[in-house]
Amino acid sequence: MQLQHDGFMVIADGEKMLLLRNRGDAEFPHLELIEQDEQQSRANRDLRRDIPGRSFSSVGPGRSTYDETDSRQVGEDRFAAETAGILNRMAL
């Protein structure tokens, strides 16, 4: 992959983000750190308060449990959206 002069590169996962700019050229890149961000995600077991909820069938003895929200995934999705927002601002 070649990165043009003044082109941006983002290195990100669900918890860390580095925004770099190429101050060199495509053949000899010189990456400069523009912005970095990091969030600390706690394990789901630390975020849950209780066991999953249950519902009872109105007809018969059936029961169902509700799906648990993956709080860690919600945090990672929010972090990815914030990173995309930074890229959108940089493109303007």
Members of segment 3-32 found to be loosely packed, with under 11 Cβ neighbours inside 10 Å and either under 15 Å from A84 (Cβ atoms) or β-branched (V, I, T) (or both), listed by number
D13
Name the residue that is modelled with the lowest pLDDT, counting only residues in segment 15-52 that are in a loop (DSSP other than H, G, I, E, B) and in contact with a Ser or Thr (Cβ under 7 Å, 6 or more places away or on another chain).
P52
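The values are calculated or read from the model by the stated rules, or taken from the named source; none is laboratory data. Keep in mind that what you see is a predicted model, and the values were worked out from it rather than measured. Every residue, glycine as well, gets a Cβ built from its backbone with ideal geometry; the counts of neighbours run over all protein chains shown.
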